[in-house]
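Shown next, in C-alpha coordinates, is the structure this report addresses.
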Amino acid sequence: MKSNKKNNYSLTDVAKMRRQPTFATMVKPIGSACNLDCNYCYYRDKSEIYAGLMPRMSEQLLEEYIKQYLQGASQQQITFCWHGGEPLLAGIPFYRKAVELQQKYCGDKIIENTLQTNGVLLSDEWCGFFKENNFLIGLSLDGPQDIHDAFRRDCGGAPTFAKVVKAAEKMAASGVEYNLLATVNKRSEGRGAEVYRFLGTLGNYMQFLPVVEYVRTRENEGKRPLIVSPDEEDAVEAPWSVSSKTYGEFMCDVFDEWVKYDVGYRFVQLFDATLANWCGVQPGVCSFCETCGDGLVVEHNGDVYSCDHFVYPEYRLGNIMEKSIQQMYTSSEQQAFGRDKREALPIECKRCSYYFLCRGECPKHRFDYAKNGEPYKNVLCEGYKKFFIHTDPYMRQMKTLIERGEPASKIMQWKRE
(Lines give C-alpha, C1' and ligand atoms only; values in the text may rest on other atoms or scores of the structure.)
Protein backbone atom coordinates (compact mmCIF):
# COMPACT_ATOMS: atom_id res chain seq x y z
CA MET A 1 0.00 0.00 0.00
CA LYS A 2 1.80 3.08 -1.24
CA SER A 3 -0.29 6.21 -1.40
CA ASN A 4 -0.09 8.70 -4.25
CA LYS A 5 -1.68 11.33 -2.04
CA LYS A 6 0.39 14.24 -0.78
CA ASN A 7 1.62 13.64 2.75
CA ASN A 8 0.26 16.14 5.28
CA TYR A 9 2.27 16.45 8.48
CA SER A 10 0.34 16.58 11.74
CA LEU A 11 1.73 18.04 14.97
CA THR A 12 2.23 14.45 16.14
CA ASP A 13 4.28 13.71 13.01
CA VAL A 14 6.50 16.74 13.60
CA ALA A 15 7.01 15.84 17.27
CA LYS A 16 7.90 12.30 16.26
CA MET A 17 10.53 13.52 13.78
CA ARG A 18 12.11 15.76 16.40
CA ARG A 19 12.37 13.27 19.25
CA GLN A 20 14.94 10.55 19.72
CA PRO A 21 14.13 7.41 17.66
CA THR A 22 11.65 5.14 19.43
CA PHE A 23 10.94 1.93 17.56
CA ALA A 24 10.49 -1.82 17.91
CA THR A 25 11.80 -4.79 15.97
CA MET A 26 10.55 -8.26 15.18
CA VAL A 27 13.42 -10.62 14.38
CA LYS A 28 13.15 -13.79 12.28
CA PRO A 29 16.26 -15.84 13.26
CA ILE A 30 15.30 -18.74 10.98
CA GLY A 31 13.26 -16.70 8.48
CA SER A 32 10.12 -18.50 7.34
CA ALA A 33 11.46 -22.00 8.06
CA CYS A 34 8.82 -23.96 9.95
CA ASN A 35 7.88 -27.47 11.06
CA LEU A 36 4.23 -26.80 10.21
CA ASP A 37 2.53 -26.10 6.89
CA CYS A 38 -0.48 -24.00 7.89
CA ASN A 39 -2.72 -23.22 4.93
CA TYR A 40 -3.11 -19.56 5.77
CA CYS A 41 0.53 -18.78 6.66
CA TYR A 42 1.44 -15.58 4.80
CA TYR A 43 5.11 -16.05 5.75
CA ARG A 44 5.73 -19.62 4.66
CA ASP A 45 6.59 -18.65 1.07
CA LYS A 46 8.97 -15.79 1.89
CA SER A 47 11.88 -18.19 1.37
CA GLU A 48 11.31 -17.64 -2.37
CA ILE A 49 12.76 -14.14 -1.91
CA TYR A 50 15.97 -15.86 -0.78
CA ALA A 51 16.04 -18.62 -3.42
CA GLY A 52 14.55 -21.11 -0.97
CA LEU A 53 17.41 -20.73 1.51
CA MET A 54 16.59 -19.99 5.16
CA PRO A 55 19.70 -20.70 7.28
CA ARG A 56 19.76 -19.77 10.94
CA MET A 57 20.99 -16.26 11.74
CA SER A 58 24.74 -16.32 12.33
CA GLU A 59 26.24 -15.39 15.68
CA GLN A 60 27.94 -12.40 14.05
CA LEU A 61 24.63 -11.10 12.72
CA LEU A 62 22.89 -11.82 16.02
CA GLU A 63 25.42 -9.71 17.91
CA GLU A 64 25.25 -6.88 15.37
CA TYR A 65 21.44 -6.86 15.52
CA ILE A 66 21.29 -6.81 19.33
CA LYS A 67 23.93 -4.10 19.58
CA GLN A 68 22.27 -1.89 16.96
CA TYR A 69 18.79 -2.28 18.44
CA LEU A 70 19.90 -1.50 21.99
CA GLN A 71 22.02 1.45 20.92
CA GLY A 72 19.64 2.80 18.27
CA ALA A 73 16.26 2.78 20.06
CA SER A 74 15.98 5.52 22.68
CA GLN A 75 13.29 4.00 24.91
CA GLN A 76 14.34 2.68 28.31
CA GLN A 77 12.50 -0.63 27.91
CA ILE A 78 13.55 -2.67 24.89
CA THR A 79 11.45 -5.62 23.75
CA PHE A 80 12.96 -8.34 21.58
CA CYS A 81 10.23 -10.13 19.62
CA TRP A 82 11.45 -13.50 18.28
CA HIS A 83 9.29 -14.76 15.45
CA GLY A 84 9.24 -16.99 12.39
CA GLY A 85 8.49 -19.35 10.83
CA GLU A 86 9.03 -21.36 13.96
CA PRO A 87 11.68 -19.64 16.11
CA LEU A 88 12.24 -22.71 18.33
CA LEU A 89 14.04 -24.29 15.35
CA ALA A 90 16.98 -22.01 16.19
CA GLY A 91 17.60 -24.09 19.34
CA ILE A 92 18.11 -23.19 23.01
CA PRO A 93 21.87 -22.45 22.66
CA PHE A 94 21.00 -19.70 20.14
CA TYR A 95 18.73 -17.95 22.63
CA ARG A 96 21.17 -18.43 25.50
CA LYS A 97 23.70 -16.57 23.38
CA ALA A 98 21.11 -13.89 22.61
CA VAL A 99 20.42 -13.32 26.32
CA GLU A 100 24.18 -13.14 26.95
CA LEU A 101 24.59 -10.51 24.22
CA GLN A 102 21.62 -8.52 25.51
CA GLN A 103 23.33 -8.25 28.89
CA LYS A 104 26.59 -7.26 27.21
CA TYR A 105 25.07 -4.27 25.40
CA CYS A 106 22.03 -3.23 27.46
CA GLY A 107 23.68 -0.72 29.77
CA ASP A 108 20.95 0.59 32.06
CA LYS A 109 18.12 -0.41 29.70
CA ILE A 110 15.46 -2.92 30.71
CA ILE A 111 15.22 -6.01 28.49
CA GLU A 112 12.05 -7.94 27.66
CA ASN A 113 11.84 -11.00 25.41
CA THR A 114 8.73 -12.29 23.67
CA LEU A 115 8.55 -15.30 21.37
CA GLN A 116 5.75 -16.58 19.13
CA THR A 117 5.59 -20.36 18.69
CA ASN A 118 3.32 -23.06 17.35
CA GLY A 119 4.21 -25.05 20.48
CA VAL A 120 4.92 -28.38 18.80
CA LEU A 121 8.61 -28.43 19.82
CA LEU A 122 8.07 -27.05 23.29
CA SER A 123 9.69 -29.24 25.96
CA ASP A 124 10.42 -29.12 29.69
CA GLU A 125 13.88 -27.79 28.83
CA TRP A 126 12.39 -24.95 26.80
CA CYS A 127 9.97 -24.15 29.65
CA GLY A 128 12.87 -24.04 32.10
CA PHE A 129 14.77 -21.63 29.84
CA PHE A 130 11.74 -19.37 29.32
CA LYS A 131 10.97 -19.26 33.05
CA GLU A 132 14.59 -18.60 33.99
CA ASN A 133 14.86 -15.70 31.53
CA ASN A 134 11.34 -14.26 31.89
CA PHE A 135 10.25 -14.80 28.28
CA LEU A 136 6.63 -14.01 27.41
CA ILE A 137 5.40 -16.66 24.98
CA GLY A 138 2.70 -16.34 22.35
CA LEU A 139 1.12 -19.72 21.55
CA SER A 140 -0.84 -20.23 18.32
CA LEU A 141 -4.07 -22.13 18.99
CA ASP A 142 -7.16 -21.55 16.86
CA GLY A 143 -9.76 -23.12 19.14
CA PRO A 144 -11.31 -26.58 19.62
CA GLN A 145 -9.72 -29.47 17.73
CA ASP A 146 -11.85 -29.42 14.59
CA ILE A 147 -11.15 -25.69 14.11
CA HIS A 148 -7.44 -25.84 14.92
CA ASP A 149 -6.63 -28.94 12.86
CA ALA A 150 -8.55 -27.73 9.82
CA PHE A 151 -5.68 -25.49 8.71
CA ARG A 152 -2.80 -26.03 11.19
CA ARG A 153 -1.09 -29.29 10.26
CA ASP A 154 2.54 -30.33 10.18
CA CYS A 155 4.60 -30.76 7.02
CA GLY A 156 3.45 -34.36 6.73
CA GLY A 157 -0.23 -33.40 6.99
CA ALA A 158 -0.67 -34.66 10.56
CA PRO A 159 -2.85 -32.74 13.06
CA THR A 160 -1.18 -30.64 15.76
CA PHE A 161 -3.97 -29.85 18.25
CA ALA A 162 -2.96 -32.32 20.97
CA LYS A 163 0.68 -31.15 20.95
CA VAL A 164 -0.30 -27.49 21.20
CA VAL A 165 -2.66 -28.10 24.12
CA LYS A 166 0.10 -30.06 25.84
CA ALA A 167 2.46 -27.10 25.28
CA ALA A 168 -0.01 -24.76 27.01
CA GLU A 169 -0.31 -27.16 29.93
CA LYS A 170 3.49 -27.45 30.22
CA MET A 171 3.91 -23.68 30.34
CA ALA A 172 1.14 -23.28 32.93
CA ALA A 173 2.72 -25.97 35.13
CA SER A 174 6.17 -24.39 34.77
CA GLY A 175 5.02 -20.87 35.55
CA VAL A 176 5.90 -19.54 32.07
CA GLU A 177 3.92 -16.44 31.11
CA TYR A 178 2.03 -16.90 27.85
CA ASN A 179 -0.90 -15.70 25.82
CA LEU A 180 -3.00 -17.43 23.19
CA LEU A 181 -3.19 -16.28 19.59
CA ALA A 182 -6.15 -17.56 17.58
CA THR A 183 -6.86 -16.80 13.96
CA VAL A 184 -10.47 -16.23 12.99
CA ASN A 185 -10.98 -18.12 9.75
CA LYS A 186 -13.74 -19.75 7.72
CA ARG A 187 -13.97 -22.68 10.15
CA SER A 188 -14.40 -20.29 13.11
CA GLU A 189 -17.45 -18.51 11.72
CA GLY A 190 -20.46 -18.53 14.05
CA ARG A 191 -18.47 -20.03 16.93
CA GLY A 192 -17.08 -17.00 18.76
CA ALA A 193 -18.44 -17.78 22.22
CA GLU A 194 -17.42 -21.43 21.91
CA VAL A 195 -13.85 -20.59 20.88
CA TYR A 196 -13.54 -18.01 23.65
CA ARG A 197 -14.78 -20.42 26.33
CA PHE A 198 -12.42 -23.13 25.10
CA LEU A 199 -9.38 -20.86 25.10
CA GLY A 200 -10.38 -19.70 28.57
CA THR A 201 -9.72 -23.22 29.87
CA LEU A 202 -6.06 -22.81 28.88
CA GLY A 203 -5.24 -19.14 29.44
CA ASN A 204 -6.49 -15.66 30.27
CA TYR A 205 -4.75 -13.56 27.59
CA MET A 206 -6.03 -13.82 24.04
CA GLN A 207 -5.68 -12.33 20.58
CA PHE A 208 -8.09 -12.97 17.72
CA LEU A 209 -6.61 -12.24 14.29
CA PRO A 210 -8.83 -12.23 11.18
CA VAL A 211 -7.60 -14.26 8.22
CA VAL A 212 -8.37 -12.59 4.88
CA GLU A 213 -6.11 -13.74 2.06
CA TYR A 214 -5.92 -14.18 -1.69
CA VAL A 215 -4.20 -17.04 -3.48
CA ARG A 216 -3.30 -18.33 -6.89
CA THR A 217 -2.77 -21.95 -7.86
CA ARG A 218 0.83 -23.00 -8.43
CA GLU A 219 1.84 -24.54 -11.73
CA ASN A 220 3.33 -27.57 -9.95
CA GLU A 221 0.58 -29.67 -8.45
CA GLY A 222 0.68 -31.05 -4.94
CA LYS A 223 1.67 -27.82 -3.21
CA ARG A 224 -0.74 -25.54 -1.41
CA PRO A 225 -1.86 -22.38 -3.23
CA LEU A 226 0.53 -19.43 -3.10
CA ILE A 227 -0.68 -16.48 -1.01
CA VAL A 228 -0.47 -13.36 -3.16
CA SER A 229 -1.62 -9.76 -3.33
CA PRO A 230 -5.31 -9.36 -4.21
CA ASP A 231 -4.13 -7.03 -7.00
CA GLU A 232 -2.67 -9.95 -8.98
CA GLU A 233 -4.67 -10.75 -12.08
CA ASP A 234 -5.42 -14.41 -11.27
CA ALA A 235 -5.80 -13.97 -7.49
CA VAL A 236 -8.91 -15.43 -5.84
CA GLU A 237 -10.08 -15.26 -2.25
CA ALA A 238 -8.64 -18.11 -0.20
CA PRO A 239 -11.20 -20.71 0.91
CA TRP A 240 -10.10 -20.28 4.55
CA SER A 241 -10.77 -16.50 4.63
CA VAL A 242 -13.35 -15.14 7.07
CA SER A 243 -15.93 -12.70 5.74
CA SER A 244 -16.12 -9.19 7.12
CA LYS A 245 -19.64 -9.66 8.46
CA THR A 246 -18.92 -12.96 10.19
CA TYR A 247 -15.68 -11.64 11.71
CA GLY A 248 -17.68 -8.83 13.29
CA GLU A 249 -20.28 -11.29 14.55
CA PHE A 250 -17.54 -13.54 15.95
CA MET A 251 -16.00 -10.70 17.96
CA CYS A 252 -19.42 -9.52 19.18
CA ASP A 253 -20.12 -13.03 20.48
CA VAL A 254 -16.76 -13.13 22.25
CA PHE A 255 -17.42 -9.70 23.75
CA ASP A 256 -20.84 -10.74 25.06
CA GLU A 257 -19.24 -13.60 27.01
CA TRP A 258 -16.40 -11.43 28.28
CA VAL A 259 -18.50 -8.45 29.39
CA LYS A 260 -20.82 -10.65 31.44
CA TYR A 261 -18.25 -12.75 33.26
CA ASP A 262 -14.57 -11.92 32.69
CA VAL A 263 -13.77 -8.18 32.72
CA GLY A 264 -10.58 -7.69 34.73
CA TYR A 265 -9.94 -11.43 34.75
CA ARG A 266 -9.45 -12.31 31.09
CA PHE A 267 -7.93 -9.95 28.53
CA VAL A 268 -8.65 -9.75 24.80
CA GLN A 269 -6.36 -7.55 22.72
CA LEU A 270 -9.10 -6.01 20.56
CA PHE A 271 -11.15 -5.06 23.62
CA ASP A 272 -8.14 -3.48 25.34
CA ALA A 273 -7.23 -1.50 22.21
CA THR A 274 -10.81 -0.32 21.68
CA LEU A 275 -11.17 0.87 25.27
CA ALA A 276 -7.79 2.61 25.06
CA ASN A 277 -8.95 4.58 22.00
CA TRP A 278 -12.20 5.45 23.76
CA CYS A 279 -10.09 6.83 26.62
CA GLY A 280 -7.77 8.76 24.31
CA VAL A 281 -4.62 6.81 25.09
CA GLN A 282 -2.33 4.79 22.83
CA PRO A 283 -3.99 1.43 22.01
CA GLY A 284 -0.77 -0.56 22.18
CA VAL A 285 -1.51 -2.22 18.82
CA CYS A 286 -0.14 -0.61 15.66
CA SER A 287 -3.17 -1.56 13.55
CA PHE A 288 -5.41 0.72 15.63
CA CYS A 289 -3.00 3.68 15.71
CA GLU A 290 -3.31 6.66 13.37
CA THR A 291 0.09 5.96 11.79
CA CYS A 292 2.44 2.98 11.81
CA GLY A 293 5.99 2.16 10.73
CA ASP A 294 7.46 1.81 14.23
CA GLY A 295 7.87 -1.97 14.04
CA LEU A 296 10.66 -3.10 11.71
CA VAL A 297 11.33 -6.69 10.69
CA VAL A 298 14.87 -8.08 10.75
CA GLU A 299 15.35 -11.18 8.63
CA HIS A 300 17.73 -14.12 9.23
CA ASN A 301 20.37 -12.55 6.93
CA GLY A 302 20.13 -9.03 8.36
CA ASP A 303 17.72 -7.59 5.78
CA VAL A 304 15.29 -5.07 7.26
CA TYR A 305 11.72 -4.51 6.02
CA SER A 306 9.09 -1.90 6.83
CA CYS A 307 6.68 -4.33 8.49
CA ASP A 308 6.04 -8.03 9.08
CA HIS A 309 3.14 -7.92 6.61
CA PHE A 310 5.16 -6.18 3.91
CA VAL A 311 8.19 -8.40 3.44
CA TYR A 312 8.40 -7.73 -0.29
CA PRO A 313 11.41 -6.44 -2.25
CA GLU A 314 9.90 -2.97 -2.65
CA TYR A 315 9.71 -2.58 1.14
CA ARG A 316 13.28 -3.65 1.88
CA LEU A 317 15.08 -0.83 3.69
CA GLY A 318 18.58 -2.31 3.67
CA ASN A 319 20.79 -4.68 5.65
CA ILE A 320 22.22 -4.20 9.13
CA MET A 321 25.72 -4.96 7.84
CA GLU A 322 25.45 -1.98 5.47
CA LYS A 323 23.67 0.61 7.62
CA SER A 324 22.19 0.78 11.09
CA ILE A 325 18.66 -0.12 12.09
CA GLN A 326 18.26 3.42 13.41
CA GLN A 327 19.21 4.86 10.00
CA MET A 328 16.65 2.63 8.30
CA TYR A 329 13.94 3.55 10.78
CA THR A 330 14.54 7.30 10.38
CA SER A 331 14.78 7.09 6.58
CA SER A 332 12.30 9.10 4.53
CA GLU A 333 11.01 5.85 2.99
CA GLN A 334 10.07 4.35 6.36
CA GLN A 335 8.56 7.53 7.74
CA ALA A 336 6.45 7.89 4.59
CA PHE A 337 5.36 4.26 4.98
CA GLY A 338 4.12 5.05 8.47
CA ARG A 339 2.22 8.18 7.42
CA ASP A 340 0.61 6.38 4.48
CA LYS A 341 -1.51 4.45 6.98
CA ARG A 342 -3.40 7.69 7.56
CA GLU A 343 -2.94 9.50 4.26
CA ALA A 344 -3.99 6.64 1.97
CA LEU A 345 -7.42 6.23 3.56
CA PRO A 346 -10.49 7.29 1.57
CA ILE A 347 -12.26 10.41 2.80
CA GLU A 348 -15.26 8.18 3.59
CA CYS A 349 -13.19 6.46 6.29
CA LYS A 350 -11.88 9.68 7.82
CA ARG A 351 -15.44 11.00 8.13
CA CYS A 352 -16.73 7.81 9.77
CA SER A 353 -17.89 8.24 13.37
CA TYR A 354 -15.80 5.21 14.36
CA TYR A 355 -12.57 6.28 12.67
CA PHE A 356 -11.12 7.21 16.07
CA LEU A 357 -11.40 3.54 17.05
CA CYS A 358 -10.23 1.66 13.96
CA ARG A 359 -7.94 4.22 12.21
CA GLY A 360 -8.46 2.13 9.09
CA GLU A 361 -6.99 -0.92 10.86
CA CYS A 362 -4.00 -2.66 9.24
CA PRO A 363 -2.91 -1.61 5.71
CA LYS A 364 -2.58 -5.31 4.80
CA HIS A 365 -6.42 -5.47 4.71
CA ARG A 366 -6.96 -2.35 2.60
CA PHE A 367 -7.95 -3.67 -0.77
CA ASP A 368 -11.60 -2.60 -0.91
CA TYR A 369 -13.03 0.55 -2.47
CA ALA A 370 -15.04 3.42 -0.99
CA LYS A 371 -18.44 4.37 -2.42
CA ASN A 372 -16.84 7.12 -4.52
CA GLY A 373 -14.31 4.67 -5.97
CA GLU A 374 -11.33 5.65 -3.79
CA PRO A 375 -9.00 2.70 -3.09
CA TYR A 376 -7.51 1.45 0.20
CA LYS A 377 -10.69 0.94 2.18
CA ASN A 378 -10.38 -1.87 4.68
CA VAL A 379 -12.09 -5.05 3.48
CA LEU A 380 -13.12 -5.79 7.09
CA CYS A 381 -14.88 -2.43 7.53
CA GLU A 382 -18.38 -3.92 7.85
CA GLY A 383 -17.27 -6.34 10.57
CA TYR A 384 -15.36 -3.77 12.59
CA LYS A 385 -18.22 -1.29 12.39
CA LYS A 386 -20.61 -3.98 13.61
CA PHE A 387 -18.30 -4.64 16.57
CA PHE A 388 -17.86 -0.94 17.43
CA ILE A 389 -21.61 -0.29 17.30
CA HIS A 390 -22.36 -3.36 19.40
CA THR A 391 -19.82 -2.47 22.09
CA ASP A 392 -20.44 1.30 22.07
CA PRO A 393 -22.62 1.54 25.24
CA TYR A 394 -20.32 -0.75 27.22
CA MET A 395 -17.17 1.08 26.19
CA ARG A 396 -18.74 4.44 27.11
CA GLN A 397 -19.69 3.09 30.52
CA MET A 398 -16.24 1.59 31.14
CA LYS A 399 -14.67 4.91 30.15
CA THR A 400 -16.91 6.64 32.72
CA LEU A 401 -15.94 4.13 35.40
CA ILE A 402 -12.22 4.65 34.71
CA GLU A 403 -12.62 8.45 34.81
CA ARG A 404 -14.25 8.08 38.24
CA GLY A 405 -11.30 6.02 39.43
CA GLU A 406 -13.41 2.84 39.58
CA PRO A 407 -12.45 -0.52 38.04
CA ALA A 408 -13.76 -1.29 34.57
CA SER A 409 -14.90 -4.67 35.93
CA LYS A 410 -17.94 -2.91 37.42
CA ILE A 411 -19.35 -3.05 33.91
CA MET A 412 -20.42 -6.62 34.65
CA GLN A 413 -22.79 -5.42 37.39
CA TRP A 414 -24.02 -2.64 35.08
CA LYS A 415 -24.63 -5.25 32.38
CA ARG A 416 -26.69 -7.44 34.73
CA GLU A 417 -28.75 -4.50 35.93
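The values are calculated or read from the model by the stated rules, or taken from the named source; none is laboratory data. Small disclaimer: the values here were computed from a predicted structure and weren't measured. Positions of Cβ are generated from backbone atoms using ideal geometry, with glycine treated the same way; all protein chains shown enter the neighbour counts. Side chains are part of the model used for accessible areas, which takes the heavy atoms of the whole protein and leaves out ligands, DNA and RNA. Shrake-Rupley method; radii C 1.70, N 1.55, O 1.52, S 1.80 Å.
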Given (1) surrounded by fewer than 17 Cβ atoms within 10 Å (Cβ to Cβ); (2) in a helix (DSSP H, G or I), index of the condition residue 107 fails: (2)
What number of residues in the range 171-200 are of a type outside the set (Phe, Trp, Tyr), open to solvent by less than 50 Å² (accessible area, probe 1.4 Å) and in a helix (DSSP H, G or I)? 8
From 284, 318, which residue is on the phi > 0 side of the Ramachandran plot and at pLDDT below 95? 284
What pairs come out if I take residues in the range 50-77 that are of a type in the set (S, T, N, Q) and pair them with residues that are modelled with pLDDT under 95 and open to solvent by 40 Å² or more (accessible area, probe 1.4 Å) whose C-beta lies under 6 Å away, six or more apart or interchain? 74/20; 74/22; 75/22
Would you check which residues across the range 258-274 are within 18 Å of residue 412 (Cβ to Cβ) and either touching an Asp or Glu at 6+ places or on another chain (Cβ under 6 Å) or open to solvent by 30 Å² or more (accessible area, probe 1.4 Å) (or both) and list them? 260, 261, 264, 265, 266, 267, 272
Matching residues in the range 232-265 - criterion: being in contact with a strand residue (DSSP E or B) (Cβ under 7 Å, 6 or more places away or on another chain) and under 16 Å from residue 407 (Cβ atoms): 258
Return the only residue of 174, 229, 188, 243 being among the hydroxyl-bearing types (Ser, Thr, Tyr), at pLDDT 95 or above, more than 18 Å from the chain's Cα centre (by Cα) and over 22 Å from residue 267 (Cβ atoms). 243
Just name the residue that is most open to solvent (accessible area, probe 1.4 Å) out of those in the range 290-317 that are without any contact (Cβ under 8 Å) to a residue 40 or more places away in the chain and in contact with a strand residue (DSSP E or B) (Cβ under 6 Å, 6 or more places away or on another chain). 316
Candidate set: the range 121-143, residues that are aliphatic (A, V, I, L, M) and either open to solvent by less than 10 Å² (accessible area, probe 1.4 Å) or more than 20 Å from the chain's Cα centre (by Cα) (or both); chosen: the one nearest to residue 77 (Cα to Cα): 137
